[in-house]
Amino acid sequence: MLRENANDLLIFIAVARERSFTKAAAQLRVSQSGLSHAIKSFEARLGLRLLTRTTRKVTLTEAGRALYESMSPHFDAMEENFQTLLGLRDKPAGTIRITAADFSFHTVLWPVLSHFLAQYPDINVEVNCDYGLVDIVSERYDAGVRYGDQVADGMIATRIAPDMRMAVVASPAFFKTSPIPKLPNDLTSYKCINMRFPTYGGLYSWEFERAGEVQKIQVGGQLVVNGVYQTLDACLGDAGIAYLPETLVQHHIDDGRLIRVLEEWCPAFPGFHLYYPSRLQASAAFKLLVEALRYPGDGTLIED
């Protein structure tokens, strides 16, 4: 029975996890019609309806949920063991899945990956850029990249970048018609560029601190975006005041394209860390990538 249905179980688990035939087909590299046919045949053999399909979404039936919850952990364990086995080959190999924001990908991950992938052609790295703080265990990522103060409990965190600061900036043209703000609370009367991240749900609050005094300011403005690069483009286009990573805007400040304000209210905070479950059986490929990304001076050790 298991031998006959193992492949269909794998397909079912992919659809159940993604809640989408399209995404599951892309993940498994099969056609959507072939995947749909396999699910229908599987349901027919079992005599049970596992999925409810509509034009907008896929949901699990009671039987489907029971099957998914009982079988998914076993397939996850087999995949993890398989990746560990691949790590025992003479050449490090396997696929490493990472979730990160686009800013950390551009500034930290890609400068390392561009050399790492050329050095280890049998290692594949899949990076999903997402501002949401996803559950890397349930979403089957090997690791995530987030700021050090955003790493969840129970994870091993390896520093991969120095501490960072935020910067409050606007274009010279903007400040020609608006006075320079002196205090964070002044920003509430300015046109600012807001960001909405899935992690926060609402609009992102701008955080400031000086001499132990902490302030979180909710600013207003005509424009709301969901990423730092869109914010930077709008800021350079005179759309308002922005709150952005210092490293992203520093060369624009140096060139005179942006003016920085409230600098004394923007202290340093923990920079990017690579984090992963403490129970992870790290493959040789994963260990090599952690070492390649590790920021000098970080003493985190990987558990075997």
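Odds and ends about this structure:
- Annotation for region 39-49: no member residue is outside the structural domain of R140 (by TED's automatic domain parsing), in a loop (DSSP other than H, G, I, E, B) and among the hydroxyl-bearing types (S, T, Y).
- Consider region 254-274 and keep the residues that are among the charged types (D, E, K, R), touching a residue at least 24 places away in the same chain (Cβ under 8 Å) and outside any strand (DSSP E or B). The one that is surrounded by the fewest Cβ atoms within 10 Å (Cβ to Cβ) is E264.
- Those residues of region 50-76 which are in contact with a strand residue (DSSP E or B) (Cβ under 9 Å, 6 or more places away or on another chain) and part of a loop (DSSP other than H, G, I, E, B), in sequence order: L50, T61
- Among the residues making up region 239-253, those that are farther than 16 Å from A268 by Cβ and not in a helix (DSSP H, G or I) are A239, G240, I241, A242.
- Whichever residue in region 135-152 is in contact (Cβ under 8 Å) with a residue 40 or more places away in the chain and outside any loop (DSSP other than H, G, I, E, B) and, among such residues, is surrounded by the most Cβ atoms within 10 Å (Cβ to Cβ): G144
- T231 falls short on exactly one of the conditions (1) touching a residue at least 40 places away in the same chain (Cβ under 8 Å); (2) not in a strand (DSSP E or B), and that condition is (1).
- Residue list for region 122-166, restricted to those being at pLDDT 95 or above and out of contact with any strand residue (DSSP E or B) (no Cβ under 7 Å at 6 or more places or on another chain): R165
- Single residue of region 183-193 satisfying the filter (closer than 12 Å to L262 by Cβ and without any contact (Cβ under 8 Å) to a residue 40 or more places away in the chain) that is farthest from the chain's Cα centre (by Cα): D186
- Scanning region 249-276 for residues that are over 24 Å from N185 (Cα atoms) and among the small types (G, A, S) turns up G256, G271.
- Of all residues in region 289-304, none are surrounded by 15 or more Cβ atoms within 10 Å (Cβ to Cβ), more than 20 Å from I136 (Cα to Cα) and modelled with pLDDT of 95 or more.
- Hits in region 173-202 - residues which are closer than 13 Å to A242 by Cα and aliphatic (A, V, I, L, M): L187, I193, M195
- Flag if G132 is assigned to a strand (DSSP E or B), small (G, A, S), under 25 Å from the mean Cα position of the chain (by Cα) and not assigned by TED's automatic domain parsing to the domain that holds R19: no
- Count of residues meeting criterion [part of a strand (DSSP E or B), within 18 Å of the chain's Cα centre (by Cα) and touching a residue at least 40 places away in the same chain (Cβ under 8 Å)] in region 110-129: 1
The values are calculated or read from the model by the stated rules, or taken from the named source; none is laboratory data. Because the structure is predicted, anything quoted here is derived from the model rather than measured. Neighbour counts run over all protein chains shown; Cβ positions are idealised from the backbone, glycine included.
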